[in-house]
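The values are calculated or read from the model by the stated rules, or taken from the named source; none is laboratory data. Just so it is clear, the model here is predicted, and its values are computed rather than measured. In this analysis, Cβ positions are derived from the backbone assuming ideal geometry, glycine residues included, and neighbour counts consider all displayed protein chains.
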Amino acid sequence: MSVRGVRQRFDLVITDLLMDRGGGLEVLSAVKAADPSAEVIVITAFGTTETAVEAIKRGARDYITKPFGVDEFLIVVGQALEHRKLVRENMELRARVRGEFTFADIIGRSAAMRRVIDLCRKVADSGASVLVTGESGTGKELIARAIHHGGPRAAGPFVAVNCGALPEPLMESELFGHVKGAFTGATDDKPGLFRAAEGGTLFLDEVGELPLTLQVKLLRALNDRSVRPVGGEEEHQVDVRLVSASNRDLAEAVDQGAFRSDLYYRLNVIQVALPPLRERREDIPLLALALLARLAAETGSRARPISQAALRILVDHHWPGNVRELANVLERAVTLADGERIEARDLPAEIAVAGRRVGERSAIDLPGDGIDLEAALAGVERNLVEQALERTGGNRTAAAELLGITFRSLRYRLPKLGIEPGDEEK
């Protein structure tokens, strides 16, 4: 190791303070410049402890004075290595937490989802209020978390509240806090969710459920960037980014007088509209595999594969409950399946029947509200490829002949269609 520059990283460096070629403090500085988390122990002679203390100030983990016993030396080294292990585990944990809600983990290769992800990437770096819209179960909170973790407030808290689940008498206290004695049962001061989200993001799910009286106070809090607890007289400044969500049409609610127009415009600076699952059917195979992997991770078991016949049923289903319904169906299938993989028989009967109806209709009729032609054609292609593979027992050479294409062309199409190739090269 050169004292002038460390070209390698170490878990632990042990150095004497006094050496022929360069002092220990110079070694310490070089090691810390290369890796601030590296542990350094300095050895010093009796009478030079002041210099050792200076080394501690510069980042050394510990120092040991001469003469010392082997046991004492091993204890100091062991403590340093244990600290290094804890620091590394903490860094890895924080990296996993940061990565848990990154945009790469929002599953979707459809054009609709690619547009959503691109918009969220741009939105994340700004401080603008975001309104996430979409049917129930489309993943609005997942989008909100990804925006938070993808922006400059990622180190701050993400506080989520379902406005529809809060009892109306407690809504104001939950959001803005209260002071002791403000009402019966207020035995202590409570800061409220706005202040709990200081420096981070407050996510108001189902914001359309807020009563008009509270909408006025929410608008004031957003405009003034301050909140006043229930029963209190003091205003508290807050630095919070607001992301809200609703499965209701808030513009229609404004027209009906159920939602304030000024609050709507304040919340809807940027709108992220999530498509329902039925409008991005090409994402269903990817979502199914990801959900099955998540279920396996939660139970500590091996991920169950799913048959092409079962996948086809899932793709054809209308999914009124969207991704949440898909997750519930797969959890049920994993629980009840007898075989090594999930078969069509493991899915609820109503899913299979509804799926066949949708498939039959889309094969002959153009829906009144139009159709995503690219997705429809991809679905037809996927179904034909799956039928050919099933009819030939997975023999891709024979399947390619049935489809009138080359083996190489079929092999190229499989990953694009979300079809997992078999283990055998047939």
Review point. Can you tell me which of Leu373, Leu377, Leu384, Leu389 is modelled with pLDDT of 70 or more, crowded, with 18+ Cβ neighbours inside 10 Å and not assigned by TED's automatic domain parsing to the domain that holds Ala112?
Key: Leu389
Check your understanding: Which of the following residues is in the same structural domain as Val385 (by TED's automatic domain parsing) and surrounded by fewer than 17 Cβ atoms within 10 Å (Cβ to Cβ): Gly321, Gly339?
Key -> Gly339
Check your understanding: Looking at this structure, is Ala309 surrounded by fewer than 21 Cβ atoms within 10 Å (Cβ to Cβ), among the aliphatic types (A, V, I, L, M) and touching a residue at least 60 places away in the same chain (Cβ under 8 Å)?
Key -> yes
Point to revise | Scan of the range 230-243 for residues that are in a loop (DSSP other than H, G, I, E, B) and either within 26 Å of the chain's Cα centre (by Cα) or of a type in the set (A, V, I, L, M) (or both), ordered by number | key: Val238, Asp239, Val240
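Give the residue, chosen from Ala333, Ala327, that is surrounded by 16 or more Cβ atoms within 10 Å (Cβ to Cβ), in a helix (DSSP H, G or I) and either of a type in the set (Lys, Arg) or touching a strand residue (DSSP E or B) at 6+ places or on another chain (Cβ under 6 Å) (or both). Working first, answer last.
Working: Ala327 fails: either of a type in the set (Lys, Arg) or touching a strand residue (DSSP E or B) at 6+ places or on another chain (Cβ under 6 Å) (or both).
Residue meeting the stated conditions: Ala333.
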Check your understanding: Which of (1) under 14 Å from Asp11 (Cα atoms); (2) touching a Gly at 6+ places or on another chain (Cβ under 7 Å) does Ile41 not meet, given it meets every other one?
Key -> (2)
Revision key, fill the gap. Of the residues in the range 11-33, those that are touching a strand residue (DSSP E or B) at 6+ places or on another chain (Cβ under 8 Å) and either modelled with pLDDT under 75 or within 21 Å of Glu82 (Cα to Cα) (or both) come to Asp11, Leu12, Val13, Ile14, Thr15, Leu28, Val31, Lys32
Practice item. Can you run down the residue pairs with Cβ atoms below 8 Å, 6 or more apart or on separate chains, where the first is in the range 389-410 and of a type in the set (D, E, K, R) and the partner is modelled with pLDDT under 80 and in a helix (DSSP H, G or I)? Key: Arg391/Leu402
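Of all the residues that make up the range 113-137, how many are of a type outside the set (Asp, Glu) and closer than 15 Å to Pro152 by Cβ?
Filtering the range 113-137 down to residues of a type outside the set (Asp, Glu) leaves 113-117, 119-124, 126-134, 136-137.
Okay, now just the ones that are also closer than 15 Å to Pro152 by Cβ, so 120-124, 126-128, 130.
So the answer is 9.
Take residues that are among the hydroxyl-bearing types (Ser, Thr, Tyr) and tell me which of the helices (runs of 4 or more DSSP H) falling wholly in the range 255-319 contain 1 or more.
On the way: elements: 261-267, 284-299, 308-316.
It comes to 261-267, 284-299.
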Point to revise | Condition check for Val334: hydrophobic (A, V, I, L, M, F, W, C) and over 22 Å from Asn383 (Cβ atoms) | key: yes
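Name the residues in the range 316-337 that are in contact with a Lys or Arg (Cβ under 6 Å, 6 or more places away or on another chain) and under 10 Å from Leu277 (Cα atoms), would you?
So in the range 316-337, the residues in contact with a Lys or Arg (Cβ under 6 Å, 6 or more places away or on another chain) come out as 318-319, 334.
Correct list: His318, Trp319.
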Review point. Among the residues of the range 244-251, is there at least one that is crowded, with 18+ Cβ neighbours inside 10 Å, assigned to a helix (DSSP H, G or I) and not polar (S, T, N, Q)?
Key: yes
